[in-house]
């Protein structure tokens, strides 16, 4: 009898123990379920809030110059430095055909264009000429490179028209003005090489590079400043050429290459001092590497040029025709891998980043004017 009672008590104890264990497991499951619900609630609440604060750059102006070396300045007070930061929610991709494009534009250069006015017109452009669309995620990060010297008047018009165009195109972009220091012969292509390298130093995510003369403004915002599978020539119909392509191999004015395409052709030549020839050399490089030129419809690729006299110390290069014929021999040794220069000043202005550089001196030709 006592043995039967012991067995019964043992079974009751085991049953109670199992019930306690089951109760403990249920309590643990309910605890983690409630925790997950609270976490999801606070995550949704955070997603409705504003994006994280923009973080400033270390300095708005970095001076690398030797003592007593100065560079041109816009004269405007520099705005607080900021770059676009990530948002709590994931943005949709920017559309291939952005809504809000105007199409054909009226471009005029008659009214005065103070830089202060351009700054007021573009409050969403961040220090250094950086912009990111607030409502979508662009597929590319675009650096716009402008070779420059003594063209402040043209630059103001260019900024006035291009910033609104680029914003309507839903681009994430930065504007870099590469200013040649001194009064030696101008070298457009070498300045473009410098711009490529310096832009990447500031933002390694740049994967599309637009190279634009400062006196050319597009007349249609459907001419999208993007890079594609082939190098892109944007300025195919300038008013100075009667809105026609001057010749099939023309690649001047405004062009665009992806980072990979630019490196494939070893960048641009550094030895074209003075006016002319570098665009044809670049066209040769593209052809020699098996790529082709992409162009917009001629009705969309129209540009107006700001009229001006030929720049002093930008005389025609007397050796340009000989050099163009030898691109196949020179392109491997002369380009982005061989460019030499010294940065004198980096100044982040409200609408652009000015980089003043010493790119050296040309050979004894051409004769000075």
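The values are calculated or read from the model by the stated rules, or taken from the named source; none is laboratory data. Computed from a predicted model, the values in this text were never measured in an experiment. Neighbour counts run over all protein chains shown; Cβ positions are idealised from the backbone, glycine included.
For the stretch 287-308, the count of residues that are closer than 22 Å to residue 323 by Cβ, crowded, with 20+ Cβ neighbours inside 10 Å and without any contact (Cβ under 8 Å) to a residue 40 or more places away in the chain is zero.
When you look at residue 163, is it part of a helix (DSSP H, G or I) and closer than 22 Å to residue 131 by Cα, yes or no? It is true that residue 163 is part of a helix (DSSP H, G or I) and closer than 22 Å to residue 131 by Cα. Of all residues in the stretch 194-241, those that are in a helix (DSSP H, G or I) and under 23 Å from residue 298 (Cβ atoms) total 3. Within the stretch 175-187, restricting attention to residues that are within 19 Å of residue 162 (Cβ to Cβ) and buried (at least 24 other Cβ atoms within 10 Å of the Cβ), the residue that is nearest to the chain's Cα centre (by Cα) is 175. Would you be able to say whether some residue in the stretch 265-282 is surrounded by fewer than 18 Cβ atoms within 10 Å (Cβ to Cβ), on the phi > 0 side of the Ramachandran plot, in a loop (DSSP other than H, G, I, E, B) and in contact (Cβ under 8 Å) with a residue 12 or more places away in the chain? Within the stretch 265-282 (the criterion being surrounded by fewer than 18 Cβ atoms within 10 Å (Cβ to Cβ), on the phi > 0 side of the Ramachandran plot, in a loop (DSSP other than H, G, I, E, B) and in contact (Cβ under 8 Å) with a residue 12 or more places away in the chain), the answer is yes, since at least one residue qualifies. Being touching a strand residue (DSSP E or B) at 6+ places or on another chain (Cβ under 7 Å) and in a loop (DSSP other than H, G, I, E, B) is the filter; apply it to the stretch 242-264 and report the residue that is surrounded by the most Cβ atoms within 10 Å (Cβ to Cβ). Per the criteria, the residue is 251.
Answer yes or no: is there a residue in the stretch 285-305 that is part of a helix (DSSP H, G or I) and at pLDDT below 95. So far as the stretch 285-305 goes, no, none of its residues is part of a helix (DSSP H, G or I) and at pLDDT below 95. Residue 253 fulfils the conditions (1) at pLDDT 95 or above; (2) over 18 Å from the mean Cα position of the chain (by Cα); (3) on the phi > 0 side of the Ramachandran plot except for a single criterion, (2).
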